[in-house]
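Derivation of every value follows stated rules applied to the coordinates shown; laboratory data play no part. As the structure is a computational prediction, the values presented were derived from the model and not from experiment. No Cβ is skipped: glycine too gets one built from the backbone with ideal geometry, and neighbour counts run over all protein chains shown.
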Amino acid sequence: MDNHLLTVLTTLGLTDKESKVYLAVIKLGTSIVSDISKSAGINRVTTYDILEKLKQKGIISHFTKKQIKYFSGISPETLLEEYERKTSNLRTAIPKFKALTGEIHHPRVRYFEGIEGIKAIYTDTLTSKTEILNYSNSAEIRKKWPNYDKEYVEKRAKKKIFLRGICPKDATGEIVHAQDKKYYRKLRLVPQKKFDFTNEINIYDDKVAIISFKDELIGMIIESAEIANSQRAIFNMCWESSEKCDLK
């Protein structure tokens, strides 16, 4: 079996044998215990016990046909979403954990560099439990990240995370705005000469993500309920004003 994949799964909390059984199920598709056991290199009785444990974790499902059990595994994408959800739940609960120890919560700032770092910021927004409030330049981000719509926008829309955004009215902005309904968002265009944003700001949950696309690709996530709420109020003020903007 692929040692790298086994390592990835064990770092997520699966045991070595659980990882081998999961990989065997994914490789074989819907299968019976004996085939899974052979592929995983683990005896049949142990394999059956592991499958039961993975069922309890929601990673494996089964159905019975003619008194024979057939097992299937969730896709790696679904597995990733499940672990992202758990991570998000823990992250959201951290202030409460700190309150138990009497620790004062200070803003947490994380810095990112390069296109992969920028993608990591956007991946974090996909854990949002609130709508995303966004200032952006539709053209700039797509210059640096050509597959942005497929790799991020489609995922956000699929997760039903609504976005309200303010962006300059240019050729790209108008094209993007025309697809609002398809991508589960509402954009407002503002005069480019007056408000030509070159970076992007995303406000979501208790976080504010700031990303620069000019010169160096850099970004940060500030995690603070106070800062996020203040930025949310400022955005809503801008949102109300943008409705009256003269776009001629």
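Against the chain, whose longest principal axis comes from its Cα atoms, helix 76-101 is set at around 70 degrees. Taking the centroid of alpha carbons for each part, segment 1-61 and segment 192-248 are 45 Å apart. Computed over segment 170-248, relative contact order equals 26 percent, with contacts defined as Cα pairs under 8 Å that lie 6+ residues apart.
For the chain, the 222 nm mean residue ellipticity estimated from helices alone, with every DSSP H stretch of n ≥ 4 adding -39500 (n - 2.57) and the total spread over all residues, rounds to -15000 deg cm²/dmol.
Relative contact order for the chain: 16 percent, from Cα pairs under 8 Å spaced at least 6 residues apart, divided by residue count. For S19, the shell of other residues with beta-carbons less than 14 Å away shows a net charge of +2, using +1 for Lys and Arg and -1 for Asp and Glu. Ignoring lysines fewer than eight residues from K193 along the same chain, the ones with Cα atoms less than 30 angstrom from its Cα are K119, K143, K144, K150, K169, K181, K182, K207, K214, K244, K248. The eigenvalues of the Cα gyration tensor, multiplied by 5 and square-rooted, give the chain an equivalent ellipsoid with semi-axes of 43, 22, 16 Å from largest to smallest.
Taking a ≥ b ≥ c as the square roots of the eigenvalues of the Cα gyration tensor, an a/c ratio of 1.5 or more together with a/b larger than b/c marks segment 3-74 as prolate.
Most simply put, segment 141-248 has about 65% antiparallel DSSP beta bridges, counting only bridges with both residues inside it.
Would you mind checking the tilt of helix 16-28 against the longest principal axis of the Cα atoms of the chain, expressed as 0 to 90 degrees and rounded to 10? So the helix axis and the longest Cα principal axis differ by about 80 degrees.
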